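Visitor: This is the structure, below, for whatever I ask next.
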Amino acid sequence: MAAKIKLRRIGAKKRPLYRFVVLDESAPTKAVALDTLGTYNPRQEPTLIEFDKEKVEAWLKKGAEPTEKVRILLGKAGILPLVSFEGKPKRKPRKEAAKEEGAEGAAKPAEGAAPKKEEAPKEEKKVEAPKEEPKPEVQKEEPKTEEKAS
């Protein structure tokens with residue numbers, strides 16, 4: 001059985017609070033924990049990281065592997081060596097990532113996928129209202145009344 005040290009969210013909506021827990025590697029995060037090692041509160045200033053150092057070291061000696069986020073937090077606490085981010089690429093904003101993904105997707109189809117049949121662009125029929133021609137102005141003549149001389 002391979003064990004993992006994971007974070008389990010226990011906070012309320014929009015108020016995250018986490019526990020350091022030891023779980024079986026294949027178990028979901030909501031499964032019953034083998035052991036609880038401490039807590040992590042990212043909303044508090046400064047960020048609060050509490051854990052039982054002896055328990056963490058004991059589980060690491062037994063072969064428990066921390067997740068990436070737990071490894072970073074344990075590095076900040078001084079139990080594990082600090083994680084260097086120099087070799088890792090920076091994450092791009094979502095808008096840029098979506099643009100690049102769209103450009104790559106349009107450039108080459110996914111491998112193993114059947115080629116898509118190109119559909120002819122649908123032409124939209126635009127119905128134009130009949131144009132009314134301007135009517136020539138007709139001058140109305142007033143009916144002449146004949147005046148009778150008396």
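The values are calculated or read from the model by the stated rules, or taken from the named source; none is laboratory data. Bear in mind the structure is a predicted one, so any value in this text is a computation, not a measurement. No Cβ is skipped: glycine too gets one built from the backbone with ideal geometry, and neighbour counts run over all protein chains shown.
Visitor: So which residues in the stretch 69-104 are under 27 Å from residue 19 (Cα atoms) and assigned to a helix (DSSP H, G or I)?
Guide: Result: 69, 70, 71, 72, 73, 74, 75, 76, 77.
Visitor: In the stretch 55-108, which residues are closer than 14 Å to residue 5 by Cβ and loosely packed, with under 10 Cβ neighbours inside 10 Å?
Guide: 61, 62, 63, 68
Visitor: Being basic (Lys, Arg), modelled with pLDDT of 90 or more and either within 10 Å of residue 20 (Cα to Cα) or touching a Leu at 6+ places or on another chain (Cβ under 6 Å) (or both) is the requirement here; does residue 61 meet it? Walk me through how you get there before you give the answer.
Guide: Details: basic (Lys, Arg): yes; modelled with pLDDT of 90 or more: yes; either within 10 Å of residue 20 (Cα to Cα) or touching a Leu at 6+ places or on another chain (Cβ under 6 Å) (or both): no.
Against the criterion (basic (Lys, Arg), modelled with pLDDT of 90 or more and either within 10 Å of residue 20 (Cα to Cα) or touching a Leu at 6+ places or on another chain (Cβ under 6 Å) (or both)), residue 61 does not qualify.
Visitor: Can you pull out every residue in the stretch 1-30 that is modelled with pLDDT under 90 and of a type outside the set (Lys, Arg)?
Guide: We begin by selecting, within the stretch 1-30, every residue modelled with pLDDT under 90; these are 1-2, 11, 25-30.
Result: 1, 2, 11, 25, 26, 27, 28, 29.
Each row is one residue, and each column tells you yes or no for (1) among the acidic types (Asp, Glu); (2) within 25 Å of the chain's Cα centre (by Cα).
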residue: 4; (1), (2): no, no
residue: 15; (1), (2): no, yes
residue: 18; (1), (2): no, yes
residue: 38; (1), (2): no, no
residue: 44; (1), (2): no, yes
residue: 60; (1), (2): no, no
residue: 63; (1), (2): no, no
residue: 94; (1), (2): no, yes
residue: 100; (1), (2): yes, yes
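Visitor: Report every pair of residues separated by at least 6 positions or lying on different chains whose Cβ atoms are under 6 Å apart, first residue within the stretch 41-68 and assigned to a helix (DSSP H, G or I), second modelled with pLDDT of 90 or more and surrounded by 15 or more Cβ atoms within 10 Å (Cβ to Cβ).
Guide: 55/37; 56/37; 59/22
Visitor: Identify, please: which residue in the stretch 1-40 is β-branched (Val, Ile, Thr) and assigned to a strand (DSSP E or B) and is, among those, surrounded by the fewest Cβ atoms within 10 Å (Cβ to Cβ)?
Guide: 36
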